[in-house]
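Shown next, in structure tokens, is the structure this report addresses.
The values are calculated or read from the model by the stated rules, or taken from the named source; none is laboratory data. The structure presented is a predicted model; accordingly, all values stated were derived computationally and were not measured. All Cβ positions, glycine included, derive from the backbone under ideal geometry; neighbour counts span all protein chains shown. Please note that ligands, DNA and RNA were not included when accessible areas were found on the heavy atoms of the full protein model with its side chains. Shrake-Rupley method; radii C 1.70, N 1.55, O 1.52, S 1.80 Å.
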Amino acid sequence: MVSANREMVIYCFDTLIAHYNNEEAPPPAFDEGQHPLFVTWKKVVNGGEPRLRGCIGTLEARYIVNGFKDYALTSALKDRRFPPIQAKELPFLECTVSILTNYENDRDYLDWEVGKHGIIIEFTDPNYNTRRSATYLPEVAAHEGWTTTEAIDSLVRKAGYNGTITEQLRKNIQLTRYQSTLFTMSYGEYVAYVKTTRGAGPTIKGA
């Protein structure tokens, strides 16, 4: 099984910087494989806790080289919750890559463990008779301090449901749980790594 590693984060930073410089990123230093994956960008503001700046990925298996190349940019530039990340923000960024594994369909919306499992929910919106779905990665509920029910209710809202969340709605949820490996690196750590391995730090045009 492929696990998230440092080289995957390096490649995401390389890809974003190459975008700003309008050039090709150096080739990745990790092996190809097919896995579901996510790229998360956070930004340190005023020395505080890193805040989410973009997070997009795929729950379907992708070839991971192209997957990280695509989602490094999509999560940084096209997460509709945030304005695109600008080059001048790079020094304040940290990047987390996640490889998703161990998908299991569950009988009950409570049949998962905070801090261990990510969850995908699917349900029918009773007001519009449309299917809705959303996911949280394994670290989200624990970071927010949620119980399983609080995480489910938040995810129902994330899926776009605006009605009353009833116990019947919760019981109608189809839940898939999964696990992940992840690796996080700050921009400063990335720069130090690049200096050590390539002889010089990255240059960013227009930063």
Original post:
If the label point is 7 Å along Cα→Cβ of Asp111, which residues in segment 171-207 have backbone nitrogen under 11 Å from it?
Top reply: 174-177
**OP:** Tell me the label-point distance for the pair Thr130, Ile204, using the 7 Å Cα-to-Cβ offset, in nm and rounded to one decimal.
**Re:** 3.7 nm
Original post:
Among Trp41, Leu52, Leu16, whose Cα sits farthest toward the positive end of the charge dipole of segment 6-61 (+1 at Cβ of Lys/Arg, -1 at Cβ of Asp/Glu, about the Cα centre)?
Top reply: Leu52
Subject >> Burial order of peptide ranges 178-186, 144-152, 197-205 (average beta-carbon count within 10 Å, highest first) >> reply: 178-186, 144-152, 197-205
**OP:** First select every other residue whose beta carbon is under 15 angstrom from the beta carbon of Gly57; then total the charges, Lys and Arg +1, Asp and Glu -1.
**Re:** +4
Original post:
Bin by bin, in steps of 5 Å, what percent of the Cα pairs in segment 1-74 do you find, going until the bin that has the longest distance?
Top reply: 3, 15, 25, 24, 18, 10, 4, 1
Subject >> Zone of Thr74's modelled label, taken as backbone nitrogen in segment 89-118 under 14 Å from a point 7 Å along Cα→Cβ >> reply: 98
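Could you give the accessible area per residue of the chain, probe 1.4 Å, as a whole number in Å²?
Details: 10890 Å² over 207 residues.
Ligands and nucleic acids excluded, the result is 53 Å² per residue.
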**OP:** Starting from the Cα-Cα distance between Asn66 and Glu189, subtract it from 0.36 nm times their residue separation and give me the gain in nm to one decimal.
**Re:** 41.9 nm
**OP:** Consider a paramagnetic label point 7 Å from the Cα of Ala87 along Cα→Cβ; state which residues of segment 25-66 have an amide N under 17 Å from it.
**Re:** 25-26
**OP:** Would you mind getting me the FRET efficiency between Asp153 and Gln34? Use the beta-carbon distance for r and R0 = 35 Å, nearest 0.05.
**Re:** 0.60
Subject >> Å³ per residue enclosed by the Cα convex hull of segment 89-142 >> reply: 144 Å³
**OP:** Could you please state how large a percent of the accessible area of the chain is carbon and sulfur, counting protein chains only and using a 1.4 Å probe?
**Re:** 47 percent
**OP:** Translational diffusion coefficient, Stokes-Einstein: compute it for the chain using the Kirkwood radius over C-alpha pairs as Rh, at 4 °C and 1.567 mPa s, and state it as an integer in µm² s⁻¹.
**Re:** 71 µm²/s
**OP:** Enumerate the lysines that Lys42 could reach by cross-link, defined here as Cα to Cα under 27 Å, with residues fewer than 8 away along the same chain left out.
**Re:** Lys69, Lys78, Lys88, Lys116, Lys158, Lys195, Lys205
Original post:
For the chain, modelled as a Gaussian network with Cα springs under 10 Å, which listed residue fluctuates most, Tyr190, Tyr11, Tyr63?
Top reply: Tyr63
**OP:** Kindly provide the helix-only [θ] at 222 nm of the chain, computed as the sum of -39,500 (n - 2.57) over DSSP H runs of four or more divided by all residues, to the nearest 500 deg cm²/dmol?
**Re:** -9500 deg cm²/dmol
Subject >> Asn5/Leu59 FRET efficiency (R0 25 Å; Cβ-Cβ; nearest 0.05) >> reply: 0.75
